[in-house]
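One structure is given below, encoded as C-alpha cells.
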Amino acid sequence: MCVLAHVLEDAGIATVVLASMRPVAERMNVPRVLYCEFPLGRPLGMPDNALFQQGVLAAAFDLLNAPSGPVLVDYPEVVEAVEAPLACALPPRFDPEIAASVDEAQGLRAAYDRAVARRGATEVGRSIDPDGVPGALADLERLIAGEHWKEVYGPRLDTIGIAHDIRAYYQEAALELAGGPPPGARQAEAWFYEETEAGKTLAAARDALTEQEAPSGITFYMQPVGR
Amino acid sequence: MSSDQTMRDLMANLPVPEFESTPWASPPPLAQATVAIVTSAGLHRADQDRFEGRGDTSYRMLDRSDRELILGHWSSNFDRAAYVSDHNVVYPIDRLEELAADGTIGAVAPRHVAFAGNQPDTVSEVRLDTGPAAAAELRADGVDVAILTPV
C-alpha cells in the first residue's frame, strides 16, 4: 500500500493510506497515513457500521488539509479482535459411515447455499467449488491416515487454496446460521478451528504434511499464524 | 497475544523499499475532488481473472457500480468474515457514494483499483510497471484523491 502511495502521488493523485502496520508506514516516507489499530482485514474498522466507517473516512480526508508531509496520524479509536468463538451450532452427525468432517460439511450445505443466495457472491472457488468441499475434506483425512501427499494429490498440490475454500465455505455458512450483527474479528476463525471437525481435520492434515516434509510454501498459509 | 498483534510484530521489521523523499500531490478542495479507492485486498469481479498466489503484481479495475466482489488476497492471516458481512469495511464504495450525494466530496471515481498484497519485498514491478499503469488509468478518469485500504 505504501509503495502505491508513492506511485500515485508521483502521478499527481493525492493519497491517504489507512495503514494497519504502523512501523512499516513509518519507514516508507509515505505522504499521508492514518494509522488505524483495527483487526487486520477491517481497514474501515467495523462492518455494518456506516457511522464508524464515515468517521474513519473523515479523519482520512482531514489529512488532505496538511500543507506538507509526511503526515502520520493515529486514529483515536482502537478496535480489538474478539478471540471467543462465534456461537453457532453445528449439524448433528448424520452418516456414521463417513468421516465426521465430511458429514459435517454436507450438513452445512443448506446454510451455505442460503448465505450465497443472500449475498450474491461467495469466497469459495479459489481451488475447489462448493460441491468439492466434502471430497477435499476426505482427501485431508487420507493425509492424516498416513497416505503421502503425492498419492493423494498427484504432482499439483494446492492445499492453501483448498484450506481457504473449506474455511470460506464454513464461515459463510456460520454467518448465516448465527444471524444477528457481524461477529467480532477472529470469532468466525476461532469457531472454525476450535469447534468444527473440518478445522480440526485441517490442522491435523497440516501437521501430517509437515511430517512428510512437504514444502513449507504449501503449508504455511493453510492456517493463520499462531494456530 | 492476539493473532493481529502477532502479525504486526512479524511485519514490523519487514524489509521495505527505501524512499528518500516524500512525493506530494496537492488536490483540489475535497468538495470538488474525484475520489477513488485503491485496495491491496485483491478484490475482483467473478468474471475477472483471479489473483495468482504470492507475488501477483497485476491489478483489476473495478467499476463504480460493482458490488459483492471476491476478496482475492492470498493470506489466511486476517479476518475475512467482516468483508463477507459488509464489503464497505474493506472497500467503502457505498460510503463514498453517500459523501458524493451530500457534497462532501466532488465525485466518486468511475473506476477503482485492486492489487493483491503478498508482494515480493522489493515491490519493484508494482513500483515501476503495474502501479504507474493503474495510476495512469485513474488520472485518465480525472481522479484527484485516492483512499488506500490494505487488509
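Nothing in this text is a laboratory measurement; each read-out follows from the coordinates by a stated rule. Remember, it's a predicted structure, so these values are computed and weren't measured experimentally. Cβ atoms come from the backbone with ideal geometry, glycine included; neighbour counts cover every protein chain shown.
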Folded to 0 to 90 degrees: helix A:197-211 orientation relative to chain A principal axis, Cα: 90 degrees
Size of the dipole of the protein assembly as shown about the Cα centre, Lys and Arg at +1 and Asp and Glu at -1 on the beta carbon, nothing else charged, in debye to 20? 400 debye
What does the charge add up to near A:PRO85, with Lys and Arg as +1, Asp and Glu as -1, over the other residues with Cβ less than 15 Å from its Cβ? -2
At q = 0.07, 0.14 Å⁻¹, what log₁₀ I(q)/I(0) does the protein assembly as shown have when each alpha carbon counts as one equal point scatterer in the Debye sum? -0.31, -1.17
How many partner chain Cβ atoms sit within 10 Å of a residue's Cβ in peptide A:22-35, on average, as a whole number? 4
First select every other residue whose beta carbon is under 9 angstrom from the beta carbon of B:TYR83; then total the charges, Lys and Arg +1, Asp and Glu -1. -1
Please compute, for peptide A:63-71, the average count of beta-carbon atoms on other protein chains lying within 10 Å of each residue's beta-carbon. 3
Mind checking Rg over Rh on segment A:175-227, alpha carbons, Kirkwood formula for Rh? 1.08
Which of the peptides A:33-42, B:140-149 is most tightly packed, and how do the rest follow, judged by the mean count of other Cβ atoms within 10 Å per residue? A:33-42, B:140-149
First obtain the Kirkwood hydrodynamic radius of segment B:69-144 from its Cα pairs, then insert it into the Stokes-Einstein equation at 10 °C and 1.306 mPa s, and state the resulting D in µm² per second as a whole number. 108 µm²/s
Rounded to the nearest 5, what % of DSSP beta bridges with both residues in the protein assembly as shown are antiparallel? 30 percent
